[in-house]
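The values are calculated or read from the model by the stated rules, or taken from the named source; none is laboratory data. Here the structure is a predicted model, which is why all the values come from computation and not from measurement. Note: ideal-geometry Cβ built from the backbone for every residue, glycine included; neighbour counts use all protein chains shown.
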Amino acid sequence: MKALVIGGGVGEQHILAYKQKGLDVTLVETDAERREELAAKHEIAVTDRYDTMLSQVDIVSICTPDKEHFMQAQQALDRGTYVVLEKPPCLTPDELVWLQRFDDRIYCNLPLPWHFKSLIDEFRDQETYLIELDYLWGRHHKLVEGWRSEGGYSIVLGAGIHLFDLAMHFKDEMPVDGAALGANKSGVNAPFDCVQGIIRWQDGTLARININCGFNGAHEHRVGVYAREKHKIENNLSSVDKKPGIIDFVEAIEAKHHIENSRLWRAMALCFELQANA
């Protein structure tokens, strides 16, 4: 199999995953210095254009700014490739509907469930009543520098998607109601730098969602799960490994296993609803 990675920032994790699986990798990177650095470091082919490469590869990783994800995914899917998307996969409900046509050829790289897998497994058969999900970004400078500062950046789609995807691993169904409030006290050029949400499932289980991108401390994910018999709180202060999900997707393709993204579509639908009502 041949892989094309578009974007050499976070895309380096994708390169490592494909190399681990023995794929032939080409990197698309417009920054000449980074392009040459990564070519030498990982011994891969490089180019500054992706459009001419799409028909020559089996799988495409899209690691570009959020506003480019859907367009590039559309181009790749129309050419019959598999696609790995950095989050969010798209920015509008209409784009989401279009992507769902290609349910069996997409993986959106949301690695938190891999990190919190033991916690998910431990509470799989428990009668939970509260799930607390905190995303303390600790990278506020990214809201005021680079492409996120250009206006309209969505912390719900860019960060909150992680929490909703994780919530769907504990309760794999859509909640029946919820509410949200948003604020922007740090003056960033975006609708919100902080959103607080709460959702409730049919059985009464609640989830509290904290998307805090105005935070200036250490980057942290925090998950608390509460059941009748026990509870557990886990913190993650380290960088989350993006490779396991990509490797799992490649192995599913190689084994011709069924691929489906119902959890992703639910998580994205929740993001759109939360953002509209915050």
Handout entry: the stretch 20-42 - residue that is in contact with a strand residue (DSSP E or B) (Cβ under 9 Å, 6 or more places away or on another chain) and either without any contact (Cβ under 8 Å) to a residue 24 or more places away in the chain or outside the structural domain of D78 (by TED's automatic domain parsing) (or both) and, of those, surrounded by the fewest Cβ atoms within 10 Å (Cβ to Cβ)
Key = E36
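What helices (runs of 4 or more DSSP H), lying completely within the stretch 2-89, carry at least 2 residues that are farther than 29 Å from G152 by Cα?
In the stretch 2-89, the matching helices (runs of 4 or more DSSP H) lie at 11-20, 32-42.
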Practice task
Filter the stretch 166-196 down to residues that are of a type outside the set (K, R) and under 15 Å from G224 (Cα atoms), then give me how many there are.
Solution key: 5
Practice task
Would you confirm whether any residue within the stretch 248-260 is free of Cβ contacts under 8 Å to residues at least 60 places away in the same chain, farther than 30 Å from A17 by Cα, assigned to a loop (DSSP other than H, G, I, E, B) and not hydroxyl-bearing (S, T, Y)?
Solution key: no
Problem - Any chance F192 is touching a strand residue (DSSP E or B) at 6+ places or on another chain (Cβ under 9 Å), within 18 Å of G178 (Cβ to Cβ) and modelled with pLDDT under 95 - result: yes
Exercise for the section: Name every residue in the stretch 143-184 that is of a type outside the set (D, E), in a loop (DSSP other than H, G, I, E, B) and out of contact with any Gly (no Cβ under 9 Å at 6 or more places or on another chain), in order of residue number. Expected result: G151, G152, Y153, K171, M174, P175, V176
Fill in the blank from the handout: Across (1) part of a helix (DSSP H, G or I); (2) on the phi > 0 side of the Ramachandran plot, L274 clears everything bar (2)
